[in-house]
Structure formats: structure tokens, C-alpha cells
Amino acid sequence: MKRTRILAIAFVAILATLAIASDDSEKEMVDGTAAFVNGETLTVSDVMINAVFMLRDPQWVGDRDPDEALRAAYKESLEQLIDQKLIIAQYQRGDARFPPWIVDKRISEIVDSRFDGDRSKLLRELSQQHITFEHWRSRIENQIIVMAMRQNYIDANVHINPAAIQEFYEKNPNHFQAQPEMDISMFHVAQREGDDPEALTQLVNIAVNRLKEGEDFGAVGREYDKTLRNDGAWGWINPEESLRDDLVTLLDGMDVGAVEPLRTDTGYFVVKKNAERPGGTKKFEDVRSNIENFLFEQEAQRLYQEWIAKLRRDTKVKVFDTFPK
């Protein structure tokens, strides 16, 4: 509901800024200029349309209220589009050009993955958002250009020294703490109204003895728990985060391979501890690639900001306070 309200506000803002006239100069007067980038106009509707794609992402919206989310999306979209224009201008100053089939191929991938291969579904969604296919295709082309330029100017020039990876690991031990975990299996034997408690206890003890003698946990569990899933396997968990306190206490006192019952007010849990691994600092070999990726992203972002700052110094950029009221 919240996301729908945010998008509704965004669509109203787009409609309020869209030009009714076809003449470019008249369009700018009706629409509004968000920024000039080296003499090129970036319109408010351009920014708002780009913002809609952000607002469709629940993770991006987060806990923002609708007005706050729309303003944040507008601001970030404006900065993105300015950066994009700067990068595309640099691309156009070069000699290399992407053939149109690259854009067509990317569009086909999007149609296949998001619209079940049905191009008409894409066109309907764009129509509902008051976005022309040509505008959307241009957006995809610009994304490809920006990605390729970033790869050429940024990613290809990032080099992470192995010594820096080791140093980061040694200086940030708190980043690499593993929680103690157990691999367990469990099923529930429910006590129903009218059940004889002693008979239920005997029944559970029989099940536990069968498991201790080596019978398959899932096969035994399905006889007693008709709702059992995955043969009772819970996989690797941190018991303190996933289980009730009495189960945590039980597991703490169990050896690996042991099977024990736990009586509760709803019946019995039958638990097997399959394996356990202690907490502590993860081994360098286990986290090396994660550290390298993290340092790569940090350095790439630093180089990107330097690159954009240089492009802005070399280009006349003027931003207007034209957020739609």
C-alpha cells in the first residue's frame, strides 16, 4: 500500500511536468528545466521518469514516507542523469560506437526475464507509466554506454595489492567473527487433548531408541509428525537466534550424533545434533575473496568520484531548484 501511494504521487508529478506542446522550446517552458549540462537541457520530466524506476524498488524506498521518498528519488535521479550526460559526452567525443544490436540484445534479455518473452507486456507497462518505448530504449542504451565507459575508465584500472587484503584482515578482526552454529534435525510429537501422558512418553522413547539404533531420522519423524518438512533437517543454524531457550539448553548439553527428547506443554520435540562448529575468527582463506571484492568496490568508487569530479570541472553544469510542488 505504501509503495503504491509513493508511485501514485510520482505519476502525478510526472503528469504535472509533461509537456503538452511538441515544439522543443515550448516543451521546456511547460515542462521545466532541471539542469543545463554543457548547454544541453535536462528536463524535470526526464528526472521524474528516472525516479520512478527507483521508487519501484522496495529496498530503496525503505522506511521513507511517500513525500520523502519522492524527493530523495528526484535528487538522486538528477545527480545520476547529470553524471550520465557527462559520461555519454565523453563517449561521443571518442571514435568507438556500439552497434544497435547490442541494445536490441539487452532489450530481448529484459523481455525474456521480466515479461515472459512477451514484448506486449513491456509495452503495456511503459504505457501505464506514461513512458514511450523510444525513451525507454534510449535509457537502456545510455546504461550500456555508462557501464562500458566505467569498465574502461574505472574497473580496468583498479588493482588490489595482496598485502592490502592481508592488512585489512588483520586490522579488522571484528568483521570476521563467526557465530557458533549447529546442524540439527528435529520433529514434534504433539500431545492432543485426552492423550495419556505416560503413553505419549513411552511412544517418544521408542522413537528415540529407534533413532539411536541408526534408523533414518526423516523416516521415523514422518511417522510421528505429519507436517514434517525436509525430513526434519534444519541445516546450519545459530540455536540462540533460531530456537526457544529450553531447546538451546538441551542442545548445549548434547554430544554430536546424540538424539534427545524435550518435553513441553504441547508434547515432545525429538532433536538430533548432527554437527557443530564453534564461533571465532574466520580463517583468512575463507574470507579473502570477500575482502578483495570489498576493497575493489571501495577503490572503484573512489576512482569513479575522481573521474566524475574532473568531468564536472571541465563541463558547465547548472542545476535549478525545480522539484515539482
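Values in this text are rule-based calculations from the coordinates and carry no lab data. Since we're looking at a predicted model, the values are computed, not measured. Here Cβ is always computed from backbone atoms with ideal geometry, including for glycine, and neighbour counts include all displayed protein chains.
For ILE184, nonlocal amide neighbours, meaning residues 5 or more places apart or on other chains whose placed amide H falls under 5 Å from its own, are TRP234, GLY235, ILE237, ASN274. For the peptides 164-177, 64-77, the ranking by packing is 64-77, 164-177, with the highest mean count of neighbouring Cβ atoms within 10 Å listed first. Taking 7 Å steps out from each Cα toward its Cβ at GLU193 and ALA258 produces label points 3.7 nm apart.
Straight-line cross-link partners of LYS212 among the lysines, defined as a Cα under 28 Å from its Cα and at least 8 positions apart when in the same chain: LYS226, LYS272, LYS273. Which shape class, rounded, prolate or oblate, goes with region 37-110 when its Cα gyration tensor gives a ≥ b ≥ c as root eigenvalues, a/c under 1.5 marks rounded, and past that a/b bigger than b/c marks prolate? Oblate, because a/c is 1.5 or more while a/b does not exceed b/c.
Just tell me which aspartates and glutamates come within less than 17 Å, Cα to Cα, of LYS283; anything on the same chain fewer than 8 places away is out. Reachable aspartates and glutamates: GLU167, GLU170, GLU181, GLU292. Note on GLN151 and THR201: their simple-model spin labels are 6.9 nm apart, each label 7 Å out from Cα toward Cβ.
A Förster radius of 22 Å combined with the Cβ-Cβ distance from GLU292 to ASP183 puts the calculated FRET efficiency at roughly 0.15. Using DSSP to define loop residues, name the trypsin sites (Lys or Arg not before Pro) in region 187-219 whose beta-carbon has at most 10 other beta-carbon atoms within 10 Å. Counting only loop positions with at most 10 other Cβ atoms within 10 Å, the trypsin sites (Lys or Arg not before Pro) in region 187-219 are ARG192. Taking amide H as placed 1.01 Å from N in the peptide plane, the amide H of GLY32 sits under 5 Å from that of VAL44, each at least 5 places away or on another chain. Taking amide hydrogens as placed 1.01 Å from N in the peptide plane, the amide H of GLY267 sits under 5 Å from those of GLN191, each at least 5 positions away in sequence or on another chain. With the simple model of a label 7 Å out from the Cα in the direction of the Cβ, ARG71 to GLU40 spans 3.0 nm. In order along region 155-168, phi translates into HN-Hα couplings of 4, 5, 9, 8, 10, 9, 6, x, 5, 5, 5, 4, 5, 4 Hz, rounded to whole numbers, per the Karplus curve 6.51 cos²θ - 1.76 cosθ + 1.60 with θ = phi - 60° and x for Gly and Pro.
Charge dipole (Cα centre; +1 on Lys/Arg Cβ, -1 on Asp/Glu Cβ; no other charges) of region 180-278 amounts to roughly 260 debye. Length gained on full extension, ARG312 to ASP104: 71.8 nm, using 0.36 nm per residue less the C-alpha separation. With the largest listed first and rounded to whole Å, the semi-axes of the equivalent ellipsoid of region 180-278 from the Cα gyration tensor are 22, 15, 12.
Only lysines eight or more places from LYS75 in sequence, or on another chain, were considered; those with a Cα closer than 17 Å are LYS85, LYS318, LYS325. For the chain, the alpha carbon positions stretch 88, 54, 38 Å along the principal axes, listed from largest to smallest. Using the Karplus relation 6.51 cos²θ - 1.76 cosθ + 1.60 with θ = phi - 60°, the per-residue 3J(HN,Hα) values for region 109-122 come to 4, 5, 4, 5, 7, 9, 10, 6, x, 9, 5, 5, 5, 4 Hz, with x marking Gly and Pro. For region 195-206, the Karplus equation 6.51 cos²θ - 1.76 cosθ + 1.60, evaluated at θ = phi - 60°, returns couplings of 5, 7, x, 5, 5, 5, 4, 4, 4, 5, 4, 4 Hz by residue, with Gly and Pro reported as x.
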